[in-house]
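**Q** Dumping the structure here so I can ask a few things about it.
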Amino acid sequence: MLDVIKIGVHGAAGRMGRMIVKAAQTGDQQRITLALDSPSSPSLGKDAGELAGVGHLNVPLTPADELFDAPDVIIDFSVPEACVEIAKICGERQIPLLVATTGLTDAQKEEVLSASQTTALLIAPNTSTAVNLGMKLVREAARALKDLSDGVDVEIVERHHRYKEDAPSGTALKFGEIVAEELGQTDHIHGRHGRTGQRKQTEIGYHALRTGDNVGEHCIVFGLLGETLEVNVRGHNRDSYAVGAVNAARFLSRQKPGLYTMDDVLGF
C-alpha cells in the first residue's frame with residue numbers, strides 16, 4: 001500500500017484554497033495536514049475542512065510564517081507577495097511546491113524559481129487538464145502555421161469573474177508565450193483603442209473580459225487570409241483546477257529538486 005501523501009495548502013481560506021481542501025478529500029491517496037493563510041486572515045484558527053464544507057479535519061488555519069510540521073508538498077493559491085515568501089520557506093526546508101498563483105512580476109518569478117535549486121518546483125498558471133491540452137494544441141497549430149506565406153495573426157481573448165485582480169490572466173499570457181516561442185512575435189499588445197494603424201505581424205493581441213462569476217474561458221484566434229482557426233477552452237466550474245492541482249501535487253511530492261511543468265504531470 002502506498003503511503004498517503006500529506007498536502008499543505010497555502011491560501012487555504014481563499015476560494016481556490018477551499019476547493020483544494022475539498023478535492024483532496026475525494027481519494028485515499030492524499031490528505032490535508034496543513035492549512036496556511038495570511039497572518040491577518042479573519043479565518044485563522046478555524047478548521048480547514050469546515051471552511052471547505054467537508055467536515056472537521058482537525059487542521060486549523062495557521063499563519064503562513066508558522067510552518068512547523070512540513071508536509072510532503074505544498075500547493076500555493078495565494079497572492080504574489082505571499083507566494084514569494086512561501087517559496088523561500090519551501091526552498092530552505094526542501095518542501096516540494098506547486099505554485100498556482102498568478103500575477104507574479106518578473107522579479108517575483110525569479111525569486112520563486114530559485115526554490116527549484118533545492119526542491120521540486122512546479123509553476124502552473126492553470127492546473128486544468130483541458131487547458132494544458134489546449135496549450136499543446138496551440139503549440140502544434142503555431143508550429144504548423146509558422147511558414148505560411150501570408151502570415152498569421154494571433155489574438156487571445158479571455159474571460160474571468162469580476163473578482164479576478166490580474167489581467168490578462170496568467171493562462172492567457174502562457175498561451176501567448178507558447179505562440180511567440182513558435183512564431184517569433186516580439187510585441188505583446190494589451191487591448192487597442194484609437195488609430196492604431198495597420199496590424200503588425202510581430203504582435204500578439206490580448207483582450208481581458210471580467211464578467212459575473214465566469215470561472216475562466218480562453219480563445220486563441222489564428223487569423224489567416226480567408227479563414228480562421230480558433231482553440232477554445234471553457235471552464236464550467238473550479239473543480240477541474242482543484243483536481244488538477246491535487247494530481248500535480250501527488251506527482252511533485254515524488255520528484256527530485258528541479259523545475260517541472262504540467263506537461264510532466266500529464267505525460268505530454
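**Q** Give me the tail of P(r) for the chain as a percent: Cα-Cα pairs with distance above 23 Å.
**A** Here the tail beyond 23 Å accounts for 54 percent of pairs.
**Q** How many Å² of accessible area per residue for the chain, probe 1.4 Å?
**A** With the other protein chains kept in place, the chain gives 51 Å² per residue.
**Q** Considering only protein heavy atoms and a probe of 1.4 Å, how much of the accessible area of the chain is carbon and sulfur, as a whole percent?
**A** It is 48 percent, rounded to a whole number.
**Q** While we're here: Go ahead and collect, in residue order, the members of segment 58-99 whose backbone nitrogen is under 18 Å from a label point 7 Å along the Cα-Cβ direction of residue 117.
**A** Within reach of a label on residue 117: 84-97.
**Q** A follow-up question, please. Based on Cα coordinates alone, diagonalise the gyration tensor for segment 223-268, multiply each eigenvalue by 5, take square roots, and list the semi-axes in whole Å, largest first.
**A** After scaling each eigenvalue by five and taking roots: 31, 17, 6 Å.
**Q** How long is the gain from residue 40 to residue 88 if the chain were fully straight, where each residue apart is worth 0.36 nm and the alpha carbon distance is subtracted?
**A** Value of the extension gain: 15.3 nm.
**Q** Here's a follow-up. Sort the following peptides by mean Cβ neighbour count (other Cβ atoms within 10 Å, averaged over residues), highest first: 138-144, 107-113, 118-124.
**A** Taking the mean over residues of other Cβ atoms within 10 Å, the ranking is 118-124, 138-144, 107-113.
**Q** Please sort by residue number the chymotrypsin sites (Phe, Trp or Tyr not before Pro) in segment 118-215 whose DSSP state is loop and whose Cβ has at most 11 other Cβ atoms within 10 Å.
**A** 163
**Q** To the nearest 20 debye, what charge dipole does the chain have about its Cα centre, counting +1 at the Cβ of each Lys and Arg and -1 at the Cβ of each Asp and Glu?
**A** 420
**Q** May I have the count of lysine pairs in the chain with C-alpha atoms under 16 Å apart, counting pairs 8 or more residues apart or located on different chains?
**A** Close lysine pairs found across the chain: 7.
**Q** For residue 163 and residue 105, what is the calculated FRET efficiency with R₀ set at 25 Å and r taken between the beta-carbons, to the nearest 0.05?
**A** After rounding, the FRET efficiency stands at 0.75.
**Q** Something else about it: Which order do the peptides 227-235, 166-174, 189-197 come out in when sorted by mean C-beta neighbours inside 10 angstrom, highest first?
**A** 166-174, 227-235, 189-197
**Q** What distance in nm lies between label points placed 7 Å from Cα along the C-beta direction at residue 65 and residue 187?
**A** It is 4.6 nm.
**Q** Could you compute the FRET efficiency for residue 227 and residue 255, with r as their C-beta to C-beta distance and R0 at 35 Å, rounded to 0.05?
**A** In this case the efficiency is close to 0.25.
**Q** In deg cm²/dmol and to the nearest 500, what is the mean residue ellipticity at 222 nm of the chain if only DSSP H runs of at least 4 residues count, each as -39500 (n - 2.57), divided by the residue total?
**A** Using -39500 (n - 2.57) per qualifying helix, the result is -10000 deg cm²/dmol.
**Q** Take every Cα pair under 8 Å in the chain that's 6+ residues apart, average their separations, divide by the length, and report that relative contact order as a whole percent.
**A** Taking the mean separation of contacting Cα pairs over the length of the chain, I get 20 percent.
The values are calculated or read from the model by the stated rules, or taken from the named source; none is laboratory data. Bear in mind the structure is a predicted one, so any value in this text is a computation, not a measurement. Glycine also receives a Cβ, built like all others from the backbone with ideal geometry; neighbour counts cover every protein chain displayed. Heavy atoms of the whole protein, side chains included, go into the accessibility calculation; ligands, DNA and RNA do not. Shrake-Rupley method; radii C 1.70, N 1.55, O 1.52, S 1.80 Å.
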